[in-house]
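Report on one structure; see the data block that follows.
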Amino acid sequence: MKITQKLLLGLSLCLLTFQAAAQSEVRLAVHGAFSLPDEQIKKFEQENNAKLTIIKVGSGNEMLNKLILSRAKPIADVVYGLDNVNIIKAWENGILSSKQPTSVPTDASLPGVLAIDYAYVVLNYDKKWFEDKKLPLPQSLEDLAKPAYKDLLVLSNPGTSSPGLAFLMANIGGLGEEQAFKWWADMRKNGVKVTQSWSDAYYTDFTQNGGSRPLIVSYATSPAAEVYFSKGKYTVPPTGNLFLKGGVFRQIEGAAVLKGAENPGLAMKLAAYLQSAEVQKTLPSEMWVYPAAKGTPLPQVFEFAQTPKQHYTPSSNIMIEKQKQWVSRWIRTVLK
């Protein structure tokens, strides 16, 4: 009897070892803001007998540069978080597979890859601060360069931050290149503050979180997030959005199979999974973005996430062609 039990135990252990060995790994490179519930990760793993490894690689542009540098031996099989600012550069540098999954119908698109979500980079303001100071809200970007708004704006550096870069693209798209940089020269004189990251700006310098700046470059969904995370403290957002000419950018993020993926079949399934109904439905309250797949329901709190009627987004080709030049010029104009 004991021998039989030992034999069965040994066979069971062998079977478990075999199953673990048979499991394939698929690696997903993402930017630092990526978030997906554990149950959805486990669901993909169970349905595909796979191990999903998530690799966080800084901001969107940092991630792209690391993927380009490692293209001879890719650090991942799938990438999420390339957007309409840098997707053309990804194709030009040969890091994406020529074979990508077929997309579901979407409200936003990216060239050659799956659109997963989109969001609007805009100016947020602290409602109470402006009410207490009895200061009218600025009606244009040009207003922000006036003495009344001196030392009020904080944003993250477009050289290190995706929202900062998106805002700069909107400035150029709405005002034109020369006028945009003239405005930035005026903003430097008017005390604009620059941080390395969006989180530094939002959680340290924004007055809503105890800082001294009541205006910030953030997202149109941020007021909804303020209500959601307040756990009942707010029934209406304490912050609002400003949709100014040259101050609204529509950012579209996607997923793609990388060239040289170790398991391209599983990589295709993973990229497609990010467009699945269950994943799309969780994106709004996980990452505060709009799901790209048509017909995806939004959580009730998104009634506080206003959608701008207009955005100022240059074409992807122009952004890729001139992005480096524009960022360098911005740094010279604002920081040096």
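Considering only residues of region 145-170 that are assigned to a loop (DSSP other than H, G, I, E, B) and among the hydrophobic types (A, V, I, L, M, F, W, C), which is surrounded by the most Cβ atoms within 10 Å (Cβ to Cβ)?
LEU152
Can you tell me which condition GLN139 does not meet? The list is (1) out of contact with any strand residue (DSSP E or B) (no Cβ under 7 Å at 6 or more places or on another chain); (2) in a helix (DSSP H, G or I), and all the others hold.
Here GLN139 clears every test but (2).
May I ask you to verify whether ALA119 is farther than 21 Å from ASN157 by Cβ, open to solvent by less than 40 Å² (accessible area, probe 1.4 Å), outside any loop (DSSP other than H, G, I, E, B) and of a type in the set (A, V, I, L, M, F, W, C)?
Criteria not met by ALA119.
From LEU141, LEU155, grab the single residue that is on the phi < 0 side of the Ramachandran plot and either among the small types (Gly, Ala, Ser) or under 21 Å from the mean Cα position of the chain (by Cα) (or both).
Exactly one residue qualifies, and that residue is LEU155.
Identify the single condition in (1) within 13 Å of the chain's Cα centre (by Cα); (2) in a strand (DSSP E or B); (3) on the phi < 0 side of the Ramachandran plot; (4) not aliphatic (A, V, I, L, M) that THR53 does not satisfy, given that it satisfies every other one.
Every listed condition holds for THR53 apart from (1).
From ASN65, ASN49, ASN86, grab the single residue that is out of contact with any strand residue (DSSP E or B) (no Cβ under 8 Å at 6 or more places or on another chain), of a type in the set (S, T, N, Q) and open to solvent by 50 Å² or more (accessible area, probe 1.4 Å).
ASN65
Name the residue that is modelled with the lowest pLDDT, counting only residues in region 216-231 that are part of a loop (DSSP other than H, G, I, E, B) and open to solvent by less than 50 Å² (accessible area, probe 1.4 Å).
Checked region 216-231; the qualifying residue modelled with the lowest pLDDT is SER230.
Please go through region 186-214 and pick out each residue that is among the β-branched types (Val, Ile, Thr) and either open to solvent by 60 Å² or more (accessible area, probe 1.4 Å) or in a strand (DSSP E or B) (or both).
If the condition is that a residue be among the β-branched types (Val, Ile, Thr) and either open to solvent by 60 Å² or more (accessible area, probe 1.4 Å) or in a strand (DSSP E or B) (or both), then VAL194, THR195, THR204 are the ones that fit.
Of everything in region 169-194, what is aliphatic (A, V, I, L, M) and more than 20 Å from PHE243 (Cβ to Cβ)? Give them in sequence order.
Those that are aliphatic (A, V, I, L, M) and more than 20 Å from PHE243 (Cβ to Cβ): ALA185, VAL194.
When both residues are 6+ apart or on different chains and their Cβ atoms are under 6 Å apart, which pairs have a first residue that lies in region 82-107 and is in contact (Cβ under 8 Å) with a residue 60 or more places away in the chain, and a second that is of a type in the set (D, E, K, R) and open to solvent by less than 30 Å² (accessible area, probe 1.4 Å)?
Listed by first residue and then by second, the contacts come to ASP83/GLU253.
Which pairs turn up if I take residues in region 22-44 that are under 18 Å from SER161 (Cβ atoms) and assigned to a loop (DSSP other than H, G, I, E, B) and look for partners that are of a type in the set (S, T, N, Q) and modelled with pLDDT under 95 with beta carbon separation below 7 Å, at least 6 apart in sequence or on another chain?
Final answer for the pair search is HIS31/SER59; GLY32/SER59.
Please state which one of LEU153, LEU168 is within 21 Å of GLY60 (Cβ to Cβ) and modelled with pLDDT of 95 or more.
LEU168
The values are calculated or read from the model by the stated rules, or taken from the named source; none is laboratory data. What you see is a predicted model, and the numbers here were worked out from it, not measured in a lab. Glycine also receives a Cβ, built like all others from the backbone with ideal geometry; neighbour counts cover every protein chain displayed. For accessibility, only protein heavy atoms count, side chains too; no ligands or nucleic acids. Shrake-Rupley method; radii C 1.70, N 1.55, O 1.52, S 1.80 Å.
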